[in-house]
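Peer 1: Okay, here's the structure, questions in a sec.
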Amino acid sequence: MIARKITYKGNFDQKCIGEIYDITRKAEITGQVKAENNTEVVLNLEGDAAIIKLIQHQIERKVKTAITDKKVEDMPYKNYIGVIFLT
């Protein structure tokens with residue numbers, strides 16, 4: 001089990017943000033998806049490393065034209081329950 005903070009920067013419309021959330025909530029993982037604004041989406045995820053990597057690949061494949069930058073950092077566990085969506 002690991003905890004990661006993944007920050008995507010780019011030009012995100014509501015459809016892209018919705019797709020990112022849908023991909024994340026369908027995986028067996030806990031965490032938080034925060035749409036800071038239309039230029040930044042932050043995922044705080046806790047779970048299996050392979051699942052987190054799979055989520056990253058699916059997001060990057062689905063909304064690749066909107067993403068201009070990505071940053072992945074380790075983070076401390078916050079013991080989320082399910083996936084939370086914040087705007």
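Nothing in this text is a laboratory measurement; each read-out follows from the coordinates by a stated rule. What you see is a predicted model, and the numbers here were worked out from it, not measured in a lab. Here the Cβ positions follow ideal geometry from the backbone for every residue, glycine too, while neighbour counts run over all protein chains shown.
Peer 1: Please build a GNM for the chain, connecting alpha carbons under 10 Å apart, and tell me which residue among ALA35, ALA50, ALA66 fluctuates the most.
Peer 2: Highest fluctuation of the listed residues: ALA50.
Peer 1: Okay, moving on. How long are the three semi-axes of the equivalent ellipsoid for the chain, computed from the Cα gyration tensor as the root of 5 times each eigenvalue, in whole Å, largest first?
Peer 2: On the way: eigenvalues 73, 32, 29 Å².
Semi-axis lengths for the chain are 19, 13, 12 Å.
Peer 1: Now a separate question. By how many degrees, between 0 and 90 and to the nearest 10, does the Cα long axis of helix 14-26 differ from the longest principal axis of the chain?
Peer 2: Compared with the principal axis, the helix lies near 20 degrees.
Peer 1: In the chain, with Lys and Arg counted as +1 and Asp and Glu as -1 at Cβ, which of these residues, ALA66, TYR80, VAL33, has the Cα nearest the positive end of the dipole, that is, farthest along it?
Peer 2: Of the options given, the answer is ALA66.
Peer 1: Shifting gears a bit: I'd like the orientation of helix 49-62 relative to the chain: the angle between its Cα long axis and the longest Cα principal axis, in ° from 0 to 90, rounded to 10.
Peer 2: So the inclination is approximately 10 degrees.
Peer 1: While we're on this one: Between LYS62 and THR7, what is the label-to-label distance in nm when each label sits 7 Å out along the Cα-to-Cβ direction?
Peer 2: Placing both labels 7 Å beyond Cα along the Cβ direction yields 2.3 nm.
Peer 1: Helix-only mean residue ellipticity at 222 nm, the chain, DSSP H runs n ≥ 4 weighted -39,500 (n - 2.57), per residue, nearest 500. What is it?
Peer 2: Roughly -10000 deg cm²/dmol at 222 nm, from the helical runs in the chain.
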